[in-house]
Amino acid sequence: MNDLNILDRSPVFDDVINGIAPQVNYYVNEKEYHLAYYLADGIYLKWTTFIQSIRIPQTEMQTKFATTQEAVRKDVERAFGVLQARFAGVKNPSKLWDKEKIGNIMKACTILHNMIVEDEKDANTLEEFEDEDFNFTVKRSKNTGCSIARRQEVQNPHTHQQLKQDFIEHIWTKFRHIPN
């Protein structure tokens with residue numbers, strides 16, 4: 001089974017489509033967006049919720065975006081590797097558990113991992129990410145509208161392309177002076 005078949009059967013967007021996911025608001029390149037997104041590779045669909053890299057970048061701006069997106073995506077993959085190394089429940093197959101239990105296990109492992117890291121870390125090494133151009137908020141959803149409209153919003157290729165272009169421009173503006 002490939003990633004797209006898994007995605008088609010996955011409940012990952014059920015809360016968004018059913019109007020019960022937390023509301024996410026953020027600005028990229030001075031434009032407001034309302035759906036969380038995932039960094040993905042090129043196999044994924046052109047949905048609002050996926051930001052893929054650029055396979056063959058043609059400009060310096062596209063190259064900067066591609067290398068930045070790929071680096072961040074690899075950081076996320078490494079984070080899952082850390083969770084798998086630390087918690088057997090994340091590493092091993094979980095066909096016997098339902099999706100709610102799996103979600104709770106992942107949340108618990110992430111929280112426990114963060115508590116362990118906080119406990120082990122020197123208080124003087126704390127760094128916070130601040131970027132005045134990229135702020136986001138997460139609130140409980142009050143959206144009780146039509147699930148068909150929300151599904152169309154999640155799968156909107158136009159919004160996907162606009163968000164991706166806004167990210168390309170934002171990353172170029174903020175980081176073009178930093179070598180790859």
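Just a few scattered comments:
- The test for being farther than 27 Å from Ile178 by Cβ and assigned to a helix (DSSP H, G or I) does not hold for Gln69.
- Here Arg73, Arg78, Arg55 are screened, and the one residue that is at pLDDT 75 or above, out of contact with any Lys or Arg (no Cβ under 6 Å at 6 or more places or on another chain) and surrounded by 14 or more Cβ atoms within 10 Å (Cβ to Cβ) is Arg73.
- Residue count for region 125-177 under the criterion of being modelled with pLDDT under 85 and touching a Ser or Thr at 6+ places or on another chain (Cβ under 9 Å): the result is 1.
- Among residues of region 19-39 that are more than 13 Å from Thr49 (Cα to Cα), those with a Cβ under 6 angstrom from a residue that is aliphatic (A, V, I, L, M) and surrounded by fewer than 16 Cβ atoms within 10 Å (Cβ to Cβ), sequence gap 6+ or separate chain, pair up as Pro22/Val138.
- Among (1) within 27 Å of Asn156 (Cβ to Cβ); (2) at pLDDT below 90; (3) among the hydroxyl-bearing types (Ser, Thr, Tyr), the one test that Ser94 misses: (1)
- Members of region 16-28 found to be buried (at least 18 other Cβ atoms within 10 Å of the Cβ) and under 20 Å from His158 (Cβ atoms), listed by number: Val16, Ile17, Val28
The values are calculated or read from the model by the stated rules, or taken from the named source; none is laboratory data. All values reported here derive from a predicted model rather than from experimental measurement. Don't worry about glycine lacking a Cβ; one is built from the backbone with ideal geometry, like all the others, and counts go over all protein chains shown.
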